[in-house]
Structure formats: C-alpha cells, structure tokens
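Structure first, commentary second.
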Amino acid sequence: MTGLLGVGGGFLAVPALVTVLAVPMSAAVGTSLLVIVANATFALAARAHAGVHLDWALIMPFLATAVLGAWDGGRLAAKVSPATLQRAFGAVLLTIAGAMAVTVAW
C-alpha cells in the first residue's frame, strides 16, 4: 500500500480492518500506526546506510509535530467516543478527497 499510494496506508487500512475484519477502532489505528512506524524506520535506516545526508533541520519540525499530534490525539481519544472518532475520520477523508478532486479538475 505504501509503495503504491506513497502514503502510510492508514486511510485505507483502518476502515478495512474495522469494517471487514471487525477489529476495534483502537486496535486498527494502533496496527496502522505500527506499520507506518516500521516503514519509516526501515526507510530512514536504508537512507542512513546509503550515506545520504539527512537534513535534520527539516526533519525535526516534522518529528516534533508528529510526536505532539500523537500525544494530543491520545488525550482526545480518551475523551471522545469511538463512533464520534469514526465519523470525524470519515469527514476528514471526504474533505481531503473533495479537495483533491477539485485540484485535479483545475
């Protein structure tokens, strides 16, 4: 999925795990994140092993944002029902799909 779409695949994997395999939302999200982390770790290791210079000034803001987002997301998930999270996730996906469709149409 990652190689085909160029993304972590979470936007397809999470709904598939929840709807097709009846995996609880929290386990589906955790599984998706684990796969994304493993993929990113192996890619970073491959680049480091190849001797590619990593621009840490560019990487660190993304890393810091991801860590803060995960921390805030965990706190929010503890306060919001799974059904609400699923609806919000679907709304975000539809919004992104709509924006991409408009962009491609132009």
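Before moving on, here are some points about what is shown:
- Segment 39-59, residues that are assigned to a helix (DSSP H, G or I), modelled with pLDDT under 85 and either of a type in the set (D, E, K, R) or surrounded by 10 or more Cβ atoms within 10 Å (Cβ to Cβ) (or both): Asn39, Ala40, Ala43, Leu44, Arg47, Ala48
- Residues satisfying the stated conditions in segment 78-87, i.e. open to solvent by 50 Å² or more (accessible area, probe 1.4 Å) and assigned to a helix (DSSP H, G or I): Ala78, Lys79, Pro82, Thr84, Leu85, Gln86, Arg87
- Qualifying positions in segment 22-38 - touching a Pro at 6+ places or on another chain (Cβ under 8 Å), open to solvent by 60 Å² or more (accessible area, probe 1.4 Å) and assigned to a helix (DSSP H, G or I): Ser26
- Checklist (1) open to solvent by less than 60 Å² (accessible area, probe 1.4 Å); (2) in a helix (DSSP H, G or I) applied to Phe62, failing item: (1)
- Residues in segment 1-21 that are open to solvent by 80 Å² or more (accessible area, probe 1.4 Å) and at pLDDT 80 or above were compared, and the one that is nearest to Gly90 (Cα to Cα) is Thr19.
- Pair list, Cβ under 6 Å, 6 or more apart: segment 32-43 residue under 16 Å from Phe11 (Cβ atoms), other residue surrounded by 12 or more Cβ atoms within 10 Å (Cβ to Cβ) and β-branched (Val, Ile, Thr): Ser32/Val14; Asn39/Thr2
The values are calculated or read from the model by the stated rules, or taken from the named source; none is laboratory data. Predicted model, so just to flag it, every value in this text is computed and none were measured. Heads up, the Cβs are rebuilt from the backbone with ideal geometry, glycines too, and the neighbour counts pull from every protein chain shown. Surface accessibility is based on the protein's heavy atoms, side chains included, excluding ligands, DNA and RNA. Shrake-Rupley method; radii C 1.70, N 1.55, O 1.52, S 1.80 Å.
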